[in-house]
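Single-structure report; data block below.
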């Protein structure tokens, strides 16, 4: 990579280098299949949330479906971003505030939570309920894959060393 550096200054990266760094995976044990499953799950979450808001009459009769739709869209956007660009500055901020999303087990647990909300929520009616149920089943399947993969490929934690570099008190 051709970077321009001056002592004491941050390197000037090209757009291609910035994207390459943002795309670099920071999730332990992840691979291309896991990334693809995660991106599809995040996009499905966003689209299902968007579709749940189409029926305006449903907002009056069942406002919970609209609130959940907004949350699903927000979660879908955040998850899509961290699945596509786990090395970006924004993803690192998200990981620092929601540490569990930086690990496959934690992200799998979150997909399980969303999948159960979609399948068991029961706030939709008609065609969107079918879509929500199918998306929920997919999210649960992704959660299982993330959970199994994250559990089998996790780093062993030493019980004698302090976590996160904390000093012994």
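The values are calculated or read from the model by the stated rules, or taken from the named source; none is laboratory data. What you are looking at is a predicted structure, and each value in this text was computed from that prediction instead of being measured. Please note: Cβ atoms are built from the backbone with ideal geometry, for glycine as well, and neighbour counts cover all protein chains shown.
Structure data summary
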{"quantity": "Test: residue in region 136-153 that is exposed (fewer than 12 other Cβ atoms within 10 Å of the Cβ) and either closer than 19 Å to residue 31 by Cα or modelled with pLDDT under 80 (or both)", "calculated": "yes"}
{"quantity": "Flag if residue 33 is closer than 24 Å to residue 128 by Cα and at pLDDT below 90", "calculated": "no"}
{"quantity": "Number of the exception - residue 54 against (1) more than 28 Å from residue 17 (Cα to Cα); (2) more than 12 Å from the chain's Cα centre (by Cα); (3) surrounded by 14 or more Cβ atoms within 10 Å (Cβ to Cβ)", "calculated": "(3)"}
{"quantity": "Qualifying positions in region 60-118 - outside any helix (DSSP H, G or I) and either at positive phi or modelled with pLDDT of 90 or more (or both)", "calculated": "98"}
{"quantity": "Qualifying positions in region 59-84 - surrounded by fewer than 18 Cβ atoms within 10 Å (Cβ to Cβ) and under 19 Å from residue 39 (Cβ atoms)", "calculated": "74, 77, 81, 84"}
{"quantity": "Close pairs from region 146-163: first on the phi < 0 side of the Ramachandran plot and assigned to a helix (DSSP H, G or I), partner surrounded by 10 or more Cβ atoms within 10 Å (Cβ to Cβ) and modelled with pLDDT under 85, Cβ under 7 Å, at least 6 apart", "calculated": "149/29; 150/29"}
